[in-house]
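A.B. asks: The structure is given below, and queries will be raised subsequently.
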Amino acid sequence: MEPSSPCPRRSATSSQVPFLPKHTDISKDQLSFLNQQFRTQEDVLDKAPHLLTALHSRCSDLTSHLLDFQTTLNRRTVSWICRSFSAKTALHNLNLSLQNLSLLTSQRGSGSKKLQKVLGMELPRLAKEVLRIETIRSYLETTLQLEALVGDLEDAVLCFVNSHSGKMFSANPSDSGTKHEKFLQAIKALNDLEVLIDLLKLRPQWHHLLKSVDTRVDKSLVILRRQVFADHRALLASLGWPPKLSTSQIEREKFSGLPNPLVLMQGDKRKSYSNSFLALCAVQHLQTRREKRQLNLLGQNVFKGQLWAIDELVSPIASRLEYHFSKWVDQPELIFALAYKTTWDFIVGVDDVLQPLIDRARLGSYSAKEAWVYAMVQLLSEFLEKRIFYALAERYKEKEIKSEVIESWLHLIDLTVVFDKQIQSLGSSEISLFLGESERVGSPSGSISVLMLFCKRPDWLKIWAKIELENGCKKLKTDLKHERAWLVDDKYQDELHFDTKSEHFLLSTRIDYRAPLIAESALGITWEMVERCQTMPATSARIQFVRSAAVRFLWYFFKVLLLRCKRTEILRDNPDDHAFLPDNPDDHALVRVSGSINAAKYVESKLRQWSDDVNFLEMKVAENDTSGLGKDESTDSSFFGEEIKILAELATNWLMEIISVLLRQFETLSRAFVQKLKHDEQQLEGLTHVEVSAAMDLSISVEFIEPLDVLRSHLVLLRMSLNPKDFLDLWRCVAEGLDRFISCSGFETRDNVSSQFETDMQALFSVFQPFCVRPDAFFPCTRETIKLLKMNKGRR
């Protein structure tokens, strides 16, 4: 308020009468203060007494504080001066002692003892005293600086709080400018304090000083933060945030955009919101910096939270969304649709308006788009946790309605997986910046997910894994009942002749492995379980789910393969059924066992391929770290190492079973051939070579035709049933076993009997001719026997 009349002159008779100063003598700050307090004549009459009383009270308080400070300063200054005089006196005495020492040494030569005393005792004591005085001086200077800065902070915060009546960033430029200046003063004082406090970390013995300063600063920061939040919320309300949500369109499955008040801001409103947003970011940055310093002193990690400005946008929307969510508890698809629509409607405006402000605030590690997505997903996750999954988990314990709960649970997970994929298309991997370190490590996509609620509730995670396991086993049982479950779509199925040059052993697909359809079905169910938890942020939770659901389902499928093979083995030991006795295996039994072997090999190859995926590699590393096993100590670096080992053993064991059956069958059928060959040898011992040669017409022994024919038919069948790699191992092992059997039969034939043996063995080699160019190379003992028989024949 400006004076309405000239100031009266001072006279001797009116020296006690108050007078108004000249207009030119009043500073700009004083004029601003008066204009702010007294806008009209009525304000002068009404507010002047109260203002005078408040100013007197404030002045008396400041005077009291100043006197206390001066007293303390004087006392400490006198103490420091006294110590300085003591140090000066000690230095003077040292100088005199050194001079006297020089005189004594020159006159008497006995100053060495005194010199040793000075250098050994007095000088170190003096150095300690000087150091102690310097430390006290430094402590006093630091205390005075901190006291001044804390005082500036408290004054700035007090002026900031008292400088407005409710709105910090109003649309009036004159009001908002002054308030913003007061806020900047408080922020500057806080920054200066943090710079000085960082230096105190080098002096841990001053922790009491640091603690007292932090206590006072925290009080001021709480007041400042509370006022900034209140003003920001009032500003958002004046801008029309949050907008109204139209849920009728959701129920009719029609979507249209909502008006975004952030985009509609113009002029002073946009400037006011920008200042308020930057104020929130500044306060958050300072508090985060202080928390980081305090937690580092305690050896703890700092959690990087969400942007406060984004939370203030989401918080008023949350109450409206939760109102509609509560009405749709039995229709979760509407809940997810409304959450996605709200996220989508405002994401462009949030990115266009807030991202430049984040860049101005120099928060380079934050993204407005990802922060908005994170907050909305967290809102939905918390609602599902409190209102839906909690009720389902409680109802799951009741056996009467367990099937209904499982169906609802799986339906909810399906909606969650679809929603997560939609959300990931809106954001990017930068969402991981808002996750804690324990949640971010090993995350496959580095993104946030509604499934984060299972990271906080391991008991619900177990229920989910159990439900998925039961559902997967149910699907597999249904597929097993299908008539085509164990059929193989094999391109070699109808071929009778094989080209060894064109056959390849680099297997990758189910057709290459000649695996039945049920193997592909089992792998599909397993991978579906794995994919449903891929967006879960916590690596430990994903490991637990995969181990409890997907891996346990694989073991269930392994039991199916083993039982199928064992049921074939039971037929062997059944005396009433000769379909698959050791000496008479039928084609159907061989095909059954071959299909199980192929399925095991195909699943093994896919598990090896999955284990090389980066997601499973990260999970394996995290699992080893949790169990305390290092990289060198871990016996298997594969996530499915144990499952791969079991499958390899299953395939190998049953392949050896087939080999042993074929060898025992050949031995049984060729027993008559061996006996006849030895019998002919005994009958011909007394005859001459010429007579025998003339009397006999050499051809394949009749007794050897049946074992060769049966062996060939079974090998052809296995060639069409087994995968190329395992069949290669099978026929080589069969050839090796036959070679040992023949070499151990003890043939010592002569002349035409040896020629007969060679003819029969050539027939045996021809059985393996379709599988290799030189089958006799796999019968080294037999070839050696033929060679010896020829040598004996030549001697005769």
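A.B. asks: Mind checking the full-extension length gain between LYS244 and ILE700? Use 0.36 nm per residue of separation minus the Cα-Cα distance, one decimal, nm. Provide the component values of the computation, followed by the final result.
C.D. replies: Numbers: separation 456, 0.36 × 456 = 164.16 nm, distance 9.60 nm.
Length gained, LYS244 through ILE700: 154.6 nm.
A.B. asks: What whole-number value in Å² describes the accessible area per residue of segment 30-99 for a 1.4 Å probe?
C.D. replies: Working: 5460 Å² over 70 residues.
The answer is 78 Å² per residue.
A.B. asks: May I ask for the Kirkwood hydrodynamic radius of segment 361-409, worked out over all distinct Cα pairs and given in angstroms to one decimal?
C.D. replies: On the way: mean 1/r = 0.0755 Å⁻¹.
Across segment 361-409, the inverse of the average 1/r is 13.2 Å.
A.B. asks: At a 10 angstrom cut-off on C-beta neighbours, averaged per residue, how do the peptides 346-358, 391-403 rank from highest to lowest? Could you put the intermediate results ahead of the total?
C.D. replies: Numbers: 346-358: 18.8, 391-403: 12.5.
Descending packing order for the listed peptides: 346-358, 391-403.
A.B. asks: Accessible area of segment 30-99 with a 1.4 Å probe: how many percent of it is carbon plus sulfur?
C.D. replies: Working: 3430 of 5460 Å².
The value for segment 30-99 is 63 percent carbon and sulfur by accessible area.
A.B. asks: What are the trypsin sites (Lys or Arg not before Pro) within segment 50-81 that DSSP puts in a loop, where the Cβ has at most 15 other Cβ atoms within 10 Å? It would help to have the intermediate numbers written out before the result.
C.D. replies: On the way: sites: ARG58, ARG75, ARG76; in loops: none.
Of the trypsin sites (Lys or Arg not before Pro), not one in the loops of segment 50-81 has a Cβ with at most 15 other Cβ atoms within 10 Å.
A.B. asks: Per 0.36 nm of contour for each residue apart, how much would the distance between GLU134 and CYS159 grow if the chain were fully extended, relative to their Cα-Cα spacing?
C.D. replies: Working: separation 25, 0.36 × 25 = 9.00 nm, distance 3.73 nm.
Stretched fully, the GLU134-CYS159 segment lengthens by 5.3 nm.
A.B. asks: Over segment 356-423, average the accessible area per residue using a 1.4 Å probe and give it in Å², no decimals.
C.D. replies: Numbers: 3300 Å² over 68 residues.
Heavy-atom accessible area per residue stands at 49 Å².
A.B. asks: Taking only the alpha carbons of segment 262-372, what extent do you get along each of the three principal axes, in Å, biggest first?
C.D. replies: Largest to smallest, the principal-axis extents are 49, 42, 19 Å.
A.B. asks: Follow-up. Greater than 18 Å separation of Cα atoms is the criterion. Which listed pairs, LYS566/LYS725; LYS327/LYS466; LYS397/LYS462; LYS474/LYS620; LYS421/LYS456; LYS244/LYS386, meet it?
C.D. replies: On the way: LYS566/LYS725 23 Å; LYS327/LYS466 29 Å; LYS397/LYS462 13 Å; LYS474/LYS620 29 Å; LYS421/LYS456 21 Å; LYS244/LYS386 24 Å.
Beyond 18 Å: LYS566/LYS725; LYS327/LYS466; LYS474/LYS620; LYS421/LYS456; LYS244/LYS386.
A.B. asks: Quickly rank 664-672, 365-373 as a protection proxy: mean count of other C-beta atoms within 10 Å, highest first.
C.D. replies: On the way: 664-672: 17.8, 365-373: 21.7.
Ranked from most to least packed, the peptides come out as 365-373, 664-672.
A.B. asks: Now, a different point. Return the equivalent ellipsoid semi-axes of segment 30-99 as a descending list in whole Å, where each equals the square root of 5 times an eigenvalue of the C-alpha gyration tensor. Walk me through the intermediate numbers first.
C.D. replies: Values: eigenvalues 643, 28, 4 Å².
Semi-axes from the Cα gyration tensor: 57, 12, 4 Å.
A.B. asks: Which residue, chosen from LEU51, LEU91, THR71, occupies the Cα position most advanced towards the positive end of the dipole of segment 30-99, where the dipole is computed from +1 (Lys, Arg) and -1 (Asp, Glu) charges on Cβ about the Cα centre?
C.D. replies: Working it through, the farthest residue towards the positive pole turns out to be LEU91.
A.B. asks: Sticking with this structure for a sec: Using per-residue counts of other Cβ atoms within 10 Å, averaged over each peptide, order 764-775, 131-142 from highest down. Numbers along the way, then the final one.
C.D. replies: Working: 764-775: 16.8, 131-142: 13.2.
With the highest mean Cβ count within 10 Å placed first, the list reads 764-775, 131-142.
A.B. asks: Additional query: What distance in nm separates the two pseudo spin-label positions at ARG457 and VAL773, each 7 Å out from Cα along the beta-carbon direction?
C.D. replies: 6.8 nm
A.B. asks: Provide the gained length on full extension for the span THR652 to TYR390, in nm with one decimal, where the gain is 0.36 nm per separating residue minus the Cα-Cα distance. Walk me through the numbers on the way to the answer.
C.D. replies: Numbers: separation 262, 0.36 × 262 = 94.32 nm, distance 4.75 nm.
Here the segment from THR652 to TYR390 would lengthen by 89.6 nm.
The values are calculated or read from the model by the stated rules, or taken from the named source; none is laboratory data. The structure presented is a predicted model; accordingly, all values stated were derived computationally and were not measured. All Cβ positions, even for glycine, are placed from backbone atoms using ideal geometry, and neighbour counts span all protein chains on display. Surface areas here come from the heavy atoms of the whole protein model, side chains and all, with no ligands, DNA or RNA. Shrake-Rupley method; radii C 1.70, N 1.55, O 1.52, S 1.80 Å.
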